[in-house]
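Read the figures in this text as sums done on the coordinates, not as results from a lab. Computed from a predicted structure; not experimentally measured. With ideal geometry, Cβ positions are generated from the backbone for all residues, glycine too; neighbour counts draw on all protein chains shown.
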């Protein structure tokens, strides 16, 4: 099992709050990008995901990348 970090422009965050369809589009775009990397090893990322709400991070706010 692998972990991938996906980074988007900070302006995307403003749009995520306004549209559920856009939120799905951003998540699907991230999965597509990860699948391109995994295709080199003949693997595939699941498209079954949940967007977590009110998740507390260890040590406070998540750091900026």
Q) Looking only at 29, 47, 18, which one moves most when the chain is put into a Gaussian network model with springs between Cα atoms under 10 Å? A) 18
Q: Match the structure shown to one of the listed values [x] 4, 17, 33, 25, 13, 6, 2, 0; [y] 3, 14, 11, 9, 9, 8, 8, 8, 7, 6, 6, 5, 3, 2, 1, 0; [z] 3, 13, 21, 24, 21, 12, 5, 0 of P(r) over Cα pairs in 5 Å bins from 0, in percent, computed from it, and give that label.
A: [z]
Q) What is the fewest-to-most order of 31, 12 by other Cβ atoms lying within 10 Å of their Cβ? A) 12, 31
Q. Which angle between 0 and 90 degrees, to the nearest 10, do you get for helix 20-39 versus the longest principal axis of the chain when only C-alpha atoms count?
A. 30
Q.
Which of 43, 61 has the fewest other C-beta atoms within 10 Å, and how do the rest follow up to the most?
A. 61, 43
